[in-house]
1. Among the residues of region 113-158, which ones are of a type in the set (Asp, Glu) and open to solvent by less than 80 Å² (accessible area, probe 1.4 Å)?
2. Just one of (1) acidic (Asp, Glu); (2) within 20 Å of Tyr89 (Cβ to Cβ); (3) under 15 Å from the mean Cα position of the chain (by Cα); (4) at pLDDT 95 or above trips up Glu198, so point out which.
3. Is it true that some residue in region 22-36 is open to solvent by less than 30 Å² (accessible area, probe 1.4 Å), more than 12 Å from ligand 1 (Cβ to nearest atom) and either assigned to a loop (DSSP other than H, G, I, E, B) or of a type in the set (A, V, I, L, M, F, W, C) (or both)?
4. Of the conditions (1) outside any strand (DSSP E or B); (2) more than 21 Å from Val92 (Cα to Cα), Met119 satisfies every one except a single condition; which number is it?
5. Conditions first: (1) open to solvent by less than 80 Å² (accessible area, probe 1.4 Å); (2) closer than 20 Å to Gly18 by Cα; (3) without any contact (Cβ under 8 Å) to a residue 24 or more places away in the chain. Thr219 passes all but one, so which condition is the exception?
6. Consider only pairs whose beta carbons are under 8 Å apart and that are at least six residues apart or on different chains; among these, list those whose first residue lies in region 59-84 and is under 15 Å from Ser44 (Cβ atoms) and whose second residue is open to solvent by less than 40 Å² (accessible area, probe 1.4 Å) and of a type in the set (Asp, Glu).
7. What number of residues in region 159-198 are open to solvent by 50 Å² or more (accessible area, probe 1.4 Å) and closer than 23 Å to Lys7 by Cβ?
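The values are calculated or read from the model by the stated rules, or taken from the named source; none is laboratory data. Not measured: the values here are computed from a predicted model. Glycine also receives a Cβ, built like all others from the backbone with ideal geometry; neighbour counts cover every protein chain displayed. Keep in mind that these areas ignore ligands, DNA and RNA; they rest on the heavy atoms of the full protein, side chains included. Shrake-Rupley method; radii C 1.70, N 1.55, O 1.52, S 1.80 Å.
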Amino acid sequence: MAEGQKKVTAIILAAGKGSRMHSTVQKQYMMLDGYPVVYYALKSFQDSEVDDIILVTGKDEITYCEQEIVKAYGFDKVSRVISGGTERYESVYNALSATEDTAYVIIHDGARPFVDLEMIHDSIFHVKEHGACTVAVPVKDTIKEVAENGFGIRTLDRRLLWNVQTPQAFSYDLIKTAYLKMMENGDIDVTDDTMIVERYMGHSVKVIQGSYYNIKLTTPEDMEIAEFLVKNRSSK
Ligand code: CTP
Ligand code: MG
């Protein structure tokens, strides 16, 4: 890290069960063109300007990750492989608790292999400017709010709607305080980290343009799309 630079730590989340993928191997460890899915995100962060990487996984997968991924592929920016929790927010919280000496964190789903260096660079630039940012893409479909009775209530204004992805980057103190407030409050109904800083810190999140390629592997058809995309990438 250059003198005077503030430390940036990446948190790569790979502690989920992948239940919607319905596969025997958890989706983050399924093979994609010869490499486990989580390899791709780790490779991008390894090659980026982040200073340190924390990999979060299930407690039974720690040794596998250390040996077969971090060591095997030479990801020397990964300083720790730690165990996550039952819910995503618990995995993030464990990682936030495992680091205290960093100015910024950049949180990324290990199940999004197509994060690229530009997204990481832009996230770091904007978090330094705004304290919180996320990568997102404008929605392509019309989005309708639908009542439980199956009838539409209203159609939302598509020009204002974005699909939120990861990476999401935060000042460490901001996200850590937001998490502590959320835990204290006990009302944990969140699907991502930007919601937590909005809700508990009243902090606006800068939304930056990501990529439609930056998909999250969630269901089996996403693996088919990923197989196609990975073969069309110039390098790994
Ligand atoms: N994740 C995690 N810890 C959890 C839950 C999720 O680290 N307790 C991670 C996943 O490994 C994934 C990312 O968060 O990289 C996004 O979560 P999601 O796509 O929901 O993955 P899973 O929770 O594994 O899948 P599912 O919801 O289908 O069970
Ligand atoms: Mg999940």
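1. Asp116, Asp122, Glu145, Asp157
2. For Glu198, the exception is condition (3).
3. yes
4. Against the list (1) outside any strand (DSSP E or B); (2) more than 21 Å from Val92 (Cα to Cα), Met119 comes up short only on (2).
5. (3)
6. Note: pairs meeting the criteria are Lys77/Asp52.
7. 3
Let's see how each residue does on (1) in a helix (DSSP H, G or I); (2) small (Gly, Ala, Ser); (3) touching a helix residue (DSSP H, G or I) at 6+ places or on another chain (Cβ under 9 Å):
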{"position": "Leu42", "(1), (2), (3)": "yes, no, yes"}
{"position": "Phe45", "(1), (2), (3)": "yes, no, yes"}
{"position": "Val50", "(1), (2), (3)": "no, no, yes"}
{"position": "Val56", "(1), (2), (3)": "no, no, yes"}
{"position": "Ile62", "(1), (2), (3)": "yes, no, no"}
{"position": "Gln67", "(1), (2), (3)": "yes, no, no"}
{"position": "Tyr73", "(1), (2), (3)": "no, no, yes"}
{"position": "Val81", "(1), (2), (3)": "no, no, yes"}
